[in-house]
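Presented below is the structure to which this report refers.
The values are calculated or read from the model by the stated rules, or taken from the named source; none is laboratory data. As the structure is a computational prediction, the values presented were derived from the model and not from experiment. Note: ideal-geometry Cβ built from the backbone for every residue, glycine included; neighbour counts use all protein chains shown.
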Amino acid sequence: MKQGYVLLAFGAKMALMTLTVLASVASQLFLGEAYPSGNAYLKPFAVEASARQPPLKSMPETLILHCLKKKACDDAAVEAKPRLARRNAYFVAKDKAYTDAKTSEVIQYTDTFRAQERVDAMYLEDCRLPYKAIKSHRYADDHDFFDTYANSCAAEEGVIVHYKLATAPKNAAYQVLAIAPKLGLTDVRYPNKDEKRPLSTQEEKEVTYAKTKAQDQKDCTTQPQYLDDAEIVLWAKLKSSGQSIRLSTYNDPGCGGHAVQYYILDVGKGDNYSEHYTMERTLGIL
């Protein structure tokens with residue numbers, strides 16, 4: 001098996017680990033954005049692939065999309081019901097045109113497909129793209145999953161897969177959690193108010209150590225954030241195994257204002273989460 005790259009979260013320390021991913025939950029679970037056009041662009045928590053086939057072949061042919069945020073599910077244009085999506089293509093942007101990607105080492109320019117979706121005019125203007133927003137289109141949960149600071153047109157590192165929705169949301173784009181049908185998702189719950197992700201004893205030690213080390217940095221222009229700042233996005237259960245999943249997120253501007261959004265996926269039995277995966281998105285400079 002070809003090795004895939006997976007970010008594992010151990011406390012405040014985000015370590016890039018290289019390991020073979022066979023059939024983990026992380027490789028069957030995605031985050032991203034669904035658009036009124038019926039397109040959905042999704043990032044997997046992990047990539048699995050053999051040396052003889054491109055990663056696209058290992059991606060689920062169909063996914064079930066759930067609201068990432070309760071606000072979108074409460075929107076009449078989105079509705080709370082899950083949506084079916086079918087894999088359409090796996091792309092890398094080249095000279096503003098899509099071409100098939102052959103390896104997992106790809107970069108996707110999100111401004112290209114966002115220009116096609118035409119939801120956010122300001123984003124398009126800042127990226128100097130000749131598109132205007134469709135006035136009736138809007139975001140059901142305030143902003144795009146692929147947003148960056150200052151509407152940066154920087155490339156999105158990693159794999160992004162294009163799926164087509166069986167039924168599109170009515171004039172509203174929204175952030176989604178997508179999962180392979182064979183795993184299934186049930187009992188999706190959202191916090192009623194801000195709720196911090198609890199830390200294990202080991203994570204508490206690592207956060208304390210990281211904060212102590214940060215005190216030695218005298219030239220910081222921003223205040224770093226750590227795993228103890230992560231807030232829960234949702235809880236759910238996997239139909240296939242009965243395992244629980246918990247998704248949390250936090251924004252870390254680091255010491256110099258180079259912001260990164262972290263998404264932490266915890267998987268386990270009941271409240272005992274034994275597996276931890278992290279997705280990160282570079283947001284640009286504050």
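Points worth noting:
- Top-ranked residue of segment 181-214 - restricted to ones that are closer than 30 Å to Phe113 by Cα and out of contact with any strand residue (DSSP E or B) (no Cβ under 6 Å at 6 or more places or on another chain), ranked as surrounded by the most Cβ atoms within 10 Å (Cβ to Cβ): Gly184
- The number of residues in segment 167-216 being over 29 Å from Gly32 (Cβ atoms), among the charged types (D, E, K, R) and not in a helix (DSSP H, G or I) comes to 1.
- Matching residues, segment 267-285, being out of contact with any Asp or Glu (no Cβ under 6 Å at 6 or more places or on another chain), in contact (Cβ under 8 Å) with a residue 40 or more places away in the chain and of a type outside the set (Phe, Trp, Tyr): Glu275, Thr278, Met279, Glu280, Arg281, Thr282, Leu283, Gly284, Ile285
- Applying the criterion of at least 1 residues that are surrounded by fewer than 18 Cβ atoms within 10 Å (Cβ to Cβ) and modelled with pLDDT of 90 or more to the strands (runs of 3 or more DSSP E) found wholly in segment 23-72 leaves 62-67.
- Residue match in segment 184-200 (condition: under 21 Å from Ala85 (Cβ atoms), in contact with an Asp or Glu (Cβ under 8 Å, 6 or more places away or on another chain), at pLDDT 95 or above and of a type outside the set (Asp, Glu)): no
- Just so you know, in segment 227-261 the residues that are at pLDDT below 95 and hydroxyl-bearing (Ser, Thr, Tyr) include one that is surrounded by the most Cβ atoms within 10 Å (Cβ to Cβ), and it is Ser240.
- Residue ID - modelled with the highest pLDDT, chosen from residues in segment 154-166 that are assigned to a loop (DSSP other than H, G, I, E, B) and crowded, with 20+ Cβ neighbours inside 10 Å: Ile160
- Within segment 75-99, considering residues that are over 25 Å from Pro181 (Cβ atoms) and surrounded by fewer than 20 Cβ atoms within 10 Å (Cβ to Cβ), the one modelled with the highest pLDDT: Ala76
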